[in-house]
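J.: Below is one structure. I have some questions about it.
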Amino acid sequence: MPDQMPEDVSSELSRQESRGVLLVLSGPSGVGKDTVMIKLLEKYPKMEKLVTTNSRPKRDDEKDGFDYHFVSREEFEKLIAEDAFFEWVEYRGHYRGGQKKHVHEALASGRDVIWRIDVRGVMNVREKVREAFPHSAFVLLAVDDLEVLKTRMEERASETKEDFEWSMDIAVWEQRQWNHFDYVVKNEDGKLEQAVESVARIVETTRMKVV
């Protein structure tokens, strides 16, 4: 007979009620990441997006703390030295990244956090995030026909032919990295609500996960 009785399950059920889940949402260009995220935020008030940090100047139509946490390049480099980020990149001369404290603060309040991140970022942060947040879910949005991606990207493209071909190659590569994720969700034309509901169910399943 064990020396100590296991904790009553009611304690775990109680924790579930106040537990936040970190949803890491990714996928190739043209798959609809922003559209799915916006719908989730509209439909589920408990969800919020992770506001990442950016070193570029704020545009007139942007709000600090909502679109990004805007800091100077020097401040960002200080945060890098302090190991403040789960991941960061330098893009077109400016830094951007997701700070650890912002994820901790949101989840501690019991809210679910959506971190929209590119596929390369997922591959860089997965192990660190899993260690810090066992109740996290990595979701890849995908299509079953790459021509769908091509059409969507062509409709919004403002690139040269060479840049478009490069972007398409990257998108194909990104979708092929599906095995780095916990879940793959199809986001096909005309079935946005179905994709949104699938992702929402994943969040609720993750909340009930025993770790």
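J.: Whether any residue in segment 144-164 is under 15 Å from the mean Cα position of the chain (by Cα) and hydrophobic (A, V, I, L, M, F, W, C) is what I want to check.
T.: no
J.: Residues to consider are Val31, Val21; find the one that is hydrophobic (A, V, I, L, M, F, W, C), surrounded by 22 or more Cβ atoms within 10 Å (Cβ to Cβ) and over 16 Å from Arg111 (Cα atoms).
T.: Residue meeting the stated conditions: Val31.
J.: Could I ask something else about it? Going by the conditions given, is Val24 within 18 Å of Thr206 (Cβ to Cβ), in contact with a Phe, Trp or Tyr (Cβ under 9 Å, 6 or more places away or on another chain) and either without any contact (Cβ under 8 Å) to a residue 12 or more places away in the chain or assigned to a strand (DSSP E or B) (or both)?
T.: yes
J.: For Val122, are the conditions met, namely being surrounded by 20 or more Cβ atoms within 10 Å (Cβ to Cβ) and touching a His at 6+ places or on another chain (Cβ under 7 Å)?
T.: yes
J.: Can you confirm whether segment 190-204 contains a residue that is assigned to a loop (DSSP other than H, G, I, E, B) and on the phi < 0 side of the Ramachandran plot?
T.: Just the residues of segment 190-204 that are assigned to a loop (DSSP other than H, G, I, E, B), to begin with: 190-191.
If we keep only those that are on the phi < 0 side of the Ramachandran plot too, we end up with 191.
Yes, the conditions are met somewhere in segment 190-204.
J.: Related question: Would you check if there is a residue in segment 147-156 being modelled with pLDDT under 85, hydrophobic (A, V, I, L, M, F, W, C) and loosely packed, with under 15 Cβ neighbours inside 10 Å?
T.: no
The values are calculated or read from the model by the stated rules, or taken from the named source; none is laboratory data. Worth saying up front: this structure is predicted, and the values here are computed from it rather than measured. Here the Cβ is made from the backbone with ideal geometry for all residues, glycine too, and neighbour counts use every protein chain on show.
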